[in-house]
Amino acid sequence: MEKRNKIKNVDKNINSMGIRIVGFILSTIAGWVDAIGVKLFLKQRSSSMTGRGHMLGKLAYKSEFKMFLGIALIIVAFILGAFISTIIAERRGLVGSLLMTGILILISSIPFVFQHSVFLIIFLPMSMGCQNAGTSLTAIRRTTHLTGASTDMGINMAKGNWQVVRFWLYRLIGFPLGALVGFNLADLANRNVISASITLIIPAFIVVSIGIIQDKLLDIPILEESLKTN
């Protein structure tokens, strides 16, 4: 397990089907976890921080400072997850970041944690920050939101770079598909058909599995340029 810390210079894998599939699955997980947070636990999004910035302005305008602090904590937790993930990725590669992501989602599935919102506000956004940083340091790039993907799609459509368009199209399909799964599972949990923990245990298992599988089959490297610029 000491073979990590492999860094390569060239992001040459944008056309790799393996990278597209891994990005698609992880984007699906982000949509899934986001939906669970909204529908079942936080009533707030945990994978995309753009909307949280909007909420900070709105809550400051309304002088709702308790809610303001809660949203601010979500953002801080996301940043902390990205911070931790980057340190792990530098030493253990993408597999380390995804294992940490899975662990954080799994912690969020513990009843004691999700029954106390202050803990869930920390761990669930932290898991998404961890995943997004880990993939952003590789040719997979961002996986927890669609703003950048949509922008890059438009830019590359204008330039006729259809391979890049297809690369990001996987994310635009994956995230809402994951949200669909998440909302359905949350509904089952609300009707006591399944336990609330299961809604997060499954994606945690998937993320860990993807981390291990890509490590064995693809060995997606951390890009040197990413460590310098991200």
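The values are calculated or read from the model by the stated rules, or taken from the named source; none is laboratory data. Because the structure is a prediction, the values reported are computed rather than measured. We place every Cβ from the backbone using ideal geometry, glycine too, and count neighbours over all the protein chains shown.
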Selection within segment 158-172 - surrounded by 13 or more Cβ atoms within 10 Å (Cβ to Cβ) and either assigned to a helix (DSSP H, G or I) or of a type in the set (Lys, Arg) (or both): Val164, Val165, Arg166, Phe167, Trp168, Leu169, Tyr170, Arg171, Leu172
Qualifying residue in segment 85-100 (condition: without any contact (Cβ under 8 Å) to a residue 40 or more places away in the chain, closer than 21 Å to Ile202 by Cβ, assigned to a helix (DSSP H, G or I) and within 14 Å of the chain's Cα centre (by Cα)): yes
Options Ile79, Ile110, Ile103, Ile74: the member that is buried (at least 19 other Cβ atoms within 10 Å of the Cβ) and either within 21 Å of Pro221 (Cβ to Cβ) or of a type outside the set (Ser, Thr, Tyr) (or both): Ile74
Segment 25-43, subset in a helix (DSSP H, G or I) and surrounded by fewer than 22 Cβ atoms within 10 Å (Cβ to Cβ), residue modelled with the highest pLDDT: Ile25
The listed residue being in a loop (DSSP other than H, G, I, E, B) and buried (at least 21 other Cβ atoms within 10 Å of the Cβ), out of Ile121, Ile140: Ile140
The listed residue being surrounded by 18 or more Cβ atoms within 10 Å (Cβ to Cβ), out of contact with any Phe, Trp or Tyr (no Cβ under 8 Å at 6 or more places or on another chain), small (Gly, Ala, Ser) and within 30 Å of Leu106 (Cα to Cα), out of Ala196, Ala186: Ala186
Any pair with Cβ under 8 angstrom, 6 or more apart, that starts in segment 218-230 at a residue that is of a type in the set (Gly, Ala, Ser) and ends at one that is modelled with pLDDT of 70 or more: Ser226/Ser136; Ser226/Leu137; Ser226/Thr138
Lone unmet requirement of (1) in a helix (DSSP H, G or I); (2) crowded, with 22+ Cβ neighbours inside 10 Å; (3) touching a residue at least 40 places away in the same chain (Cβ under 8 Å); (4) not basic (Lys, Arg) for Ser46: (1)
